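K.L.:
Below are the structure tokens for one structure; questions will follow.
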Amino acid sequence: MPLRVFEVKTPSHTAFVDVTEKVRSFVREVGPKEGLCVVYVPHTTAAVFINEGADPSVVRDIAYKLDQLVEWNDPNYRHLEGNSAAHIKSAIIGNSRVIPVADGELLLGTWEAIFLAEFDGPRTRRLIVQVIPVI
Amino acid sequence: MPLRVFEVKTPSHTAFVDVTEKVRSFVREVGPKEGLCVVYVPHTTAAVFINEGADPSVVRDIAYKLDQLVEWNDPNYRHLEGNSAAHIKSAIIGNSRVIPVADGELLLGTWEAIFLAEFDGPRTRRLIVQVIPVI
Amino acid sequence: MPLRVFEVKTPSHTAFVDVTEKVRSFVREVGPKEGLCVVYVPHTTAAVFINEGADPSVVRDIAYKLDQLVEWNDPNYRHLEGNSAAHIKSAIIGNSRVIPVADGELLLGTWEAIFLAEFDGPRTRRLIVQVIPVI
């Protein structure tokens, strides 16, 4: 079955964990010549996005600006659990990304890496990776 | 054909309508063992996202913060229809989401629900649900 | 192979280029009765979104508000290349969109157009368009 559920530990309250190698290895193991790879987090205070993986200051700046736009403490939030900011960031970034696969490889750009974004950690998160082969 | 167009009435100017049961029922009817479910709104002032469905204060807080970030009245908007804020929120949230299907069921997390987000209602919106089976 | 890489020139620092006709023509050429079309940019300072294509003031207002929310010059950015704002907007909008295909045609709504969003141009960008047929 070309679908696997990984466990990913997130180390801090906000953390962007590079999962590119997990996804790439799984795609190679499934071995489609061509297809679509889906990366999905089944959580409502986490997200998935693709951006630069080489310089860690890029994802640091993404986290910084999201924190500034969606502040953690806003007296107008009503959700009693106190983590509304994490839900809002999850909805804005989105809980999945798709990546085309050709010649058996993810068609990621030179600087692209896939990140699981944690907005209310640290936790152990599930990450679903699925390959839809083109026959 | 594993594709269906639903009509969804949105009750107010901003409204997040839980469409999870519509999508779940359709996936069961199509009956793929495994595949990908696509949820798509063909509208430019609406969106689709996945987040917590149990406590309605979560989506209320998402709507509140989006309204604060993208205010309805900004004298610098140029689109004459006056609903630029709805277009901007639609572009930021995105007009679709995908959900993996395994053993015939949507792989939604415990707290996840699928929402059609209305940003310029009330209206009757179309919602396209498609299943891409893995053979 | 139902996948093609297009080159798209972006004319200015921020530019939203309508690529709808490129995508539509490719889908017709591939000729699936039904399927999913994936539009993906393998770049970390660009994005893909779907919104109104008829009135250019709509995408102008989207660009305006994104610039206001994610200002180009923020002394707290740490990425030394100086283009953190472009990376942040790319992560928020997302680097891909999917569109259902039925009866051989993209199921775009009346007002929907597909845009490659440039946030750090002008450049020549690659745009990957893929069709996943439903058999």
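A short reminder: the numbers here are calculations on the coordinates, not readings from a lab. The structure presented is a predicted model; accordingly, all values stated were derived computationally and were not measured. Heads up, the Cβs are rebuilt from the backbone with ideal geometry, glycines too, and the neighbour counts pull from every protein chain shown.
K.L.:
Past the 36 angstrom mark, what percentage of all C-alpha to C-alpha distances in the protein assembly as shown do you count?
P.N.:
On the way: 12189 of 81810 pairs.
Cα-Cα pairs in the protein assembly as shown separated by more than 36 Å: 15 percent.
K.L.:
Any idea how many Lys pairs in chain C come in under 23 angstrom at the alpha carbon, given 8 or more places apart or on separate chains? Before the final figure, lay out each step's value.
P.N.:
Numbers: C:LYS9/C:LYS22; C:LYS9/C:LYS89; C:LYS22/C:LYS33; C:LYS65/C:LYS89.
Close lysine pairs under the 23 Å cut-off: 4.
K.L.:
Another question, if that's okay. Find the relative contact order for chain A and round it to a whole percent, using C-alpha pairs within less than 8 Å whose residues are 6+ positions apart.
P.N.:
Working: 276 pairs, mean separation 72.8, N = 135.
Relative contact order here is 54 percent.
K.L.:
Against the longest principal axis of chain A, how steep is helix A:20-30, in degrees 0 to 90 to the nearest 10, with axes from Cα atoms?
P.N.:
Helix A:20-30 and the main axis of chain A meet at about 30 degrees.
K.L.:
Taking the Cβ of C:GLU81 as the centre, find all other residues whose Cβ is under 11 Å away and add up their charges (Lys, Arg: +1; Asp, Glu: -1).
P.N.:
Values: positive: C:ARG78; negative: A:GLU52, A:ASP55, A:ASP61, C:ASP120.
Once all neighbours under 11 Å are counted, the net charge is -3.
K.L.:
What does the charge count around A:VAL38 come to, taking other residues whose C-beta lies under 13 Å from its C-beta (Lys +1, Arg +1, Asp -1, Glu -1)? Numbers along the way, then the final one.
P.N.:
On the way: positive: A:ARG4, A:ARG97, B:ARG97; negative: B:GLU34.
Overall, the nearby charge balance is +2.
K.L.:
Right, something else. Cα axis of helix A:84-93 to longest principal axis of chain A: angle in degrees, 0 to 90, nearest 10?
P.N.:
The answer is roughly 30 degrees.
K.L.:
Residues with beta-carbon under 10 Å from that of A:ASN95, excluding A:ASN95: net charge, scoring Lys, Arg +1 and Asp, Glu -1? Don't skip to the end; give the middle numbers.
P.N.:
Numbers: positive: A:ARG97, B:ARG97; negative: B:GLU112.
Its environment carries a net charge of +1.
K.L.:
Is it possible to state the helix-based mean residue ellipticity at 222 nm for chain B, with each DSSP H run of 4+ residues giving -39500 (n - 2.57), the sum divided by total residues, to the nearest 500 deg cm²/dmol? What is it? Walk me through the intermediate numbers first.
P.N.:
Details: 3 runs with 35 residues, N = 135.
That comes out to -8000 deg cm²/dmol.
K.L.:
What residues from the stretch C:9-37 fall in the zone where the backbone N is under 20 Å from a label point 7 Å along the Cα-to-C-beta line of C:GLU71?
P.N.:
The answer is C:14, whose backbone nitrogens lie closer than 20 Å to the label point.
K.L.:
Related question: Run the quick spin-label model on C:VAL5 and B:GLU21: label points 7 Å from Cα toward the beta carbon, then report their separation in nm to one decimal.
P.N.:
Each label point lies 7 Å from its Cα, and together they span 4.8 nm.
K.L.:
Which angle from 0 to 90°, rounded to the nearest 10, does the C-alpha axis of helix B:56-69 make with the longest principal axis of chain B?
P.N.:
For helix B:56-69, the angle is close to 40 degrees.
K.L.:
Among A:ARG28, A:ARG78, A:ARG97, whose mean-square fluctuation peaks in a Gaussian network model of chain A (Cα, cutoff 10 Å)?
P.N.:
So, out of A:ARG28, A:ARG78, A:ARG97, the one fluctuating most is A:ARG78.
K.L.:
Right, another one. Please average, across the residues of C:119-131, the number of beta carbons from any other chain that are within 10 Å of each residue's own beta carbon, and give a whole number. All intermediate terms of the calculation are to be shown ahead of the outcome.
P.N.:
Working: counts 0, 0, 0, 0, 0, 0, 1, 2, 0, 5, 1, 10, 2.
If you average over the peptide's residues, the count of other-chain Cβ atoms is 2.
K.L.:
Can you give the percent of C-alpha pairs in the stretch A:3-133 whose distance is more than 19 Å? Show your work: numbers first, answer last.
P.N.:
Details: 4207 of 8515 pairs.
Here the long-distance tail beyond 19 Å is 49 percent of all Cα pairs in the stretch A:3-133.
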